[in-house]
Amino acid sequence: MFMRYGKSKLREGVTRITDGIVNEFLIEGRDKAVLFDTGLDLFNIKDYVAKLTKKELMVVNSHFHPDHANGNHHFDKVYIGAADLPTFTTADVYFKLVDDIVKATFARYPKTKKLQGLIDKLIMTKKGNTEYVPLNDGDEIDLGDKKLIVKAFPGHTPGSITLLDPALKFIYAGDASDMDIWMFTNPDCSLHEYAETGRRYYKEVEALGYTKYRGSHVPITHSITFMRDYADWVDRLTPEKAFLKFNTPGGRSKLCIAFAPSAKHLLYTSIYWAHQCDRALTPSGETEE
Ligand SMILES: [Zn+2]
Ligand SMILES: [Zn+2]
């Protein structure tokens, strides 16, 4: 494989595992450990984690995207936000999006069919024999001497969840909030809905004394004010503000990429569909006048 897992200690009892693209977090308590995400499956993460801890392991996905869930098939059981529970059919938001784009791309550019193998390996998460168990907002995970609390943060995907560590006042946010949120993977969510969720989430965790969080891709720890400020930035995005805009086969509208430097937070980036800027976006994909 062209990439190997590496690890670093984030703090006592927390190991960051990376394949160079996405970070997984191994959070250990006295009796039990949580593996937050399983990566792209460029390496056998189950064997890797077995060398790091002998504690009972609970595998949790931040959301159902291949860079976070491709290693799931190595495990018997994976916990995931209820709204991201996969059926591995086009009833799932993610599988529907990939199916729409891949079919339309193959029809328009037949030569791209050669990419089918790569798509199956990297983009389509293997079903395997894994049992998926739903997690809901407020669920507590008891690790013995400490606990983690599940907090929903829908937007990037309908079932995106974050893990709160109440003792350290620290949050593991997956892709729910970071410098670069791919909003286009959940085409029925408007940017304004995401912004409302982000601001509400920020207010709730701020009131509970949380100060810092970590996303899955950017190797820096954010102040939780990033969530609020990123949400405000996303709320103001329009198709015209995109730096790049292009037609994508199978897409409902133009795919837009926008970014903005920030004196306080360095950078904001988002990839979104033009229609997600509409205030009256309805799940059918139609916009109301
Ligand atoms: Zn994601
Ligand atoms: Zn990701």
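No lab work stands behind these numbers, since they all come straight from the coordinates. Remember, predicted model here, so these are calculated numbers, not experimental data. Methodologically, a virtual Cβ is constructed for each residue, glycine included, from the backbone with ideal geometry; neighbour enumeration extends over all protein chains shown.
When Lys and Arg each count +1 and Asp and Glu each count -1, what net charge do the other residues less than 10 Å away from residue 151, Cβ to Cβ, add up to?
-3
What does the convex hull of the Cα atoms of the chain come to per residue, in Å³, rounded to a whole number?
135
Within a 10 angstrom radius of the beta carbon, how do 65, 222 rank from fewest other beta carbons to most?
222, 65
Indicate the helices, whole DSSP H runs only, in the chain that combine a mean Kyte-Doolittle hydropathy of 0.0 or more with a Cα extent along their long axis of 18 angstrom or more.
What comes out of the filter, once short or polar helices are dropped, is 93-108.
Can you give the charge dipole size of the chain about its Cα centre, rounded to the nearest 20 debye, using +1 on the beta carbon of Lys and Arg and -1 on the beta carbon of Asp and Glu?
Its charge dipole is roughly 1000 debye.
Give the residue from 155, 98, 14 lying farthest towards the positive end of the charge dipole for the chain; charges sit on Cβ (+1 for Lys and Arg, -1 for Asp and Glu) and the dipole is referred to the Cα centre.
14
Could you list the trypsin sites (Lys or Arg not before Pro) in segment 53-108 that lie in coil according to DSSP, counting only those with at most 10 other Cβ atoms within 10 Å of their Cβ?
When the trypsin sites (Lys or Arg not before Pro) of segment 53-108 are filtered for loop state and at most 10 Cβ neighbours within 10 Å, 54 remain.
Top mean-square fluctuation among 176, 83, 50, Gaussian network model of the chain, C-alpha springs under 10 Å?
It is 50.
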